[in-house]
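Enquirer: Mind looking over this structure? Questions follow.
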Amino acid sequence: MGDSSKFNSVLGKILGFGLLMVLLSACVTETAGPPPDAIQSGEFADEYRIGVGDTLAVNVWRNEDLSIEVPVRPDGRISVPLAGDIDVGDKTPEEVGTAIAEILGKFIRDPYVTVIVTDMGSDQYRSRVRVTGAVETPISTPYRQGMTVLDVVLEAGGLTEFANPAKTTLYRNNGDRIGIDLRGILNRGDMRTNYPLIPGDVVTVPERAF
């Protein structure tokens with residue numbers, strides 16, 4: 001009789017523990033946020049402006065029927081299930097994702113939307129230059145004939161206090177990396193490395209090592 005009582009007691013504890021784990025699992029499933037790989041990242045994610053000919057992947061978390069991959073039409077729009085036609089021309093992927101989420105919010109609860117440019121087929125990418133790194137405002141700006149490194153750095157608001165201008169690099173679409181003495185340009189007026197830019201150039205100002 002004693003053994004039976006002990007067995008029942010142990011069995012009760014096991015069943016109680018199992019029930020607790022099920023409840024905890026249910027709570028985690030209910031409160032979990034979007035998976036890490038659903039979050040868009042990338043240095044130019046907030047700077048790139050979408051153009052006609054680009055292909056966009058619109059992902060609505062937990063709503064596969066609303067997720068699509070679609071090219072940007074000549075009118076600068078895309079069609080998204082339930083949301084209808086969305087104007088995406090000259091907007092960033094983040095701006096488009098926010099606009100789609102606002103519309104979908106009328107139909108589904110708390111939509112989480114990411115927009116990723118899967119194919120940069122537009123002239124918007126090829127005809128822009130960018131400044132990244134330790135500048136006040138990293139920018140992506142339309143190419144203009146005759147623009148130079150100094151022009152776009154000034155457009156970006158100049159350098160931050162942590163910048164290492166002597167190590168600035170100009171990256172070109174063909175894979176070339178060109179060193180720029182931005183410190184000499186700004187402090188001494190030495191324009192030997194103030195190169196003229198071409199469409200697609202990226203000027204990167206690193207931070208200095210501490």
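The numbers here are math on the coordinates, done by the rules we state, and not lab data. If you're wondering where the values come from, they're calculated on a predicted model, not measured in any experiment. Counting neighbours? That spans all protein chains shown, and the Cβs are built from the backbone with ideal geometry, glycine included.
Enquirer: Below 8 Å between Cα atoms, with a sequence gap of 6+, how large is the relative contact order for the range 127-205 in percent?
Expert: So the answer I get is 40 percent.
Enquirer: Now, a different point. Would you mind putting 143-151, 98-106, 86-94 in packing order, based on average other-beta-carbon counts within 10 Å, highest first?
Expert: 86-94, 98-106, 143-151
Enquirer: If you filter the range 136-210 for GluC sites (Glu not before Pro), then keep DSSP loop positions with at most 11 other Cβ within 10 Å, what is left?
Expert: Answer by residue number: Glu161.
Enquirer: Report, in whole Å, the centroid distance computed from the Cα atoms of the range 191-210 and the range 144-174.
Expert: A separation of 4 Å, based on Cα centres.
Enquirer: Which value in nm describes the separation of the simple spin-label points at Ile103 and Thr169, placed 7 Å from the Cα toward the beta carbon?
Expert: Calculated label separation equals 4.0 nm.
Enquirer: May I have the pair-distance distribution P(r) for the range 127-205, computed from all Cα-Cα distances with 10 Å bins from 0 and rounded to whole percent?
Expert: Pairs per bin, as whole percents: 21, 59, 20, 0.
Enquirer: Using the eigenvalues of the Cα gyration tensor, what equivalent ellipsoid semi-axes result for the range 162-210 when each is taken as the square root of five times the eigenvalue, whole Å, largest first?
Expert: Listed largest to smallest, the semi-axes of the range 162-210 are 19, 14, 7 Å.
Enquirer: Roughly how many Å is it from the Cα centre of the range 50-64 to that of the range 70-123, as a whole number?
Expert: Result: 6 Å between the Cα centres.
Enquirer: Now a separate question. Got a sec to turn the phi values of the range 202-208 into Karplus ³J(HN,Hα) couplings, 6.51 cos²θ - 1.76 cosθ + 1.60 with θ = phi - 60°, whole Hz, x for Gly and Pro?
Expert: Ordered by residue, 3J(HN,Hα) equals 10, 9, 10, 9, x, 8, 6 Hz.
Enquirer: Between Arg77 and Thr148, what length comes free when the chain is fully extended (0.36 nm per residue of separation minus the Cα-Cα distance, one decimal in nm)?
Expert: Full extension of this stretch gives 22.3 nm more.
Enquirer: Along the Cα→Cβ direction, 7 angstrom out, place labels at Asp90 and Tyr112. What is the inter-label distance in nm?
Expert: Here the answer is 3.3 nm between the modelled labels.
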